[in-house]
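Below: the structure, in C-alpha cells.
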Amino acid sequence: ECDSAGIRHAEVKLSTLQQLAKASLSLQLAEHYLQEKPQLMRCILFNKTPDTNWLVSWHQDKTLCIPRQFEHPDWGPWSIKDGLHHVQPPLNILNQMITLSFHLDDNHRENGCLKVLPGSHRQGILSPGEIQSLSEEISPVHCLAPQGSVLVMKPLLVHASSKAIKPDRRRVIHMEFAPIQLISAYL
C-alpha cells in the first residue's frame, strides 16, 4: 500500500517492484524498444487518490538516479533526492532511453491520466518557456490506459497530469530504462 502521492526508488523500497523491474516481461519489453540490453535508471510509484489528488505541470523527464557522483562536463546539474544522486545526462543519452508505465488501475480523463504533446521529444531538451509555448501550440493527447496495460514513451516527451475531476485510485509504476552499455561507460 502507498498512502502518499508517490514513492521514489520504489524498486528498492518495495520487493514486488524490484521483482517487476527484473521480470523477463519488463526487460524484454524495454529491450525491444531500446534494441539493446536495458538498465533500470529510475522507478517511481505514482499514487493519485481522493486524498492525494495532485497535478503535474508540463515537463520532460531529464534526470537519472545514479549510484555515485562523478565529474564530466556533459553531466549536470547534480542533486540529491531521497538520499540518492540525480543528474541530467547529455541529450544523446536521454534520446536513447525509454519509459515503461505500468497501470495498476484504469487511467482516464476523470482521474487525471497522463497527457502528452505528440512529437515534442524530437525537439531536444526544452526550457520552461519553450515547454509553455508548445503546450499552447500542440493539442494534448490523453493517454487512456486500462488496468494492466503498459504505456511506452520517451522521457523527453513533454507530458503532464491534471487533478482528477472524479478522484479515485490511479496507481502507475514509472520505470525508466537506458541501454546498459551506454550507461556502464560512465559508472
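Tabulated data
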read-out: Every residue from segment 168-181 that is out of contact with any Ser or Thr (no Cβ under 8 Å at 6 or more places or on another chain) and surrounded by fewer than 19 Cβ atoms within 10 Å (Cβ to Cβ); value: 171, 180, 181
read-out: Test: residue 49 is open to solvent by less than 40 Å² (accessible area, probe 1.4 Å), touching a His at 6+ places or on another chain (Cβ under 7 Å) and on the phi < 0 side of the Ramachandran plot; value: no
read-out: Filter result (of a type in the set (Val, Ile, Thr), surrounded by fewer than 20 Cβ atoms within 10 Å (Cβ to Cβ) and within 14 Å of the chain's Cα centre (by Cα)) within segment 57-73; value: none
read-out: Out of 138, 165, sole residue that is open to solvent by less than 60 Å² (accessible area, probe 1.4 Å) and either modelled with pLDDT under 95 or of a type in the set (A, V, I, L, M, F, W, C) (or both); value: 138
read-out: The listed residue being surrounded by 12 or more Cβ atoms within 10 Å (Cβ to Cβ), in contact with a helix residue (DSSP H, G or I) (Cβ under 9 Å, 6 or more places away or on another chain) and farther than 21 Å from residue 157 by Cβ, out of 37, 115; value: 37
read-out: Qualifying positions in segment 87-125 - more than 20 Å from residue 38 (Cβ to Cβ) and touching a strand residue (DSSP E or B) at 6+ places or on another chain (Cβ under 6 Å); value: 104, 105, 107, 109, 111, 112, 113, 114, 115, 116, 118
read-out: Count - residues of segment 74-90 that are under 17 Å from residue 128 (Cβ atoms) and open to solvent by 60 Å² or more (accessible area, probe 1.4 Å); value: 1
read-out: Residue count for segment 1-34, restricted to those that are in a helix (DSSP H, G or I), more than 22 Å from residue 185 (Cβ to Cβ) and open to solvent by 50 Å² or more (accessible area, probe 1.4 Å); value: 11
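The values are calculated or read from the model by the stated rules, or taken from the named source; none is laboratory data. Quick caveat, the model's predicted, so the values are computed rather than measured. Positions of Cβ are backbone-derived with ideal geometry, glycine not excepted, and every protein chain shown enters the neighbour counts. Just so you know, the surface numbers come from the protein's heavy atoms only, side chains and all, with ligands and any DNA or RNA stripped out. Shrake-Rupley method; radii C 1.70, N 1.55, O 1.52, S 1.80 Å.
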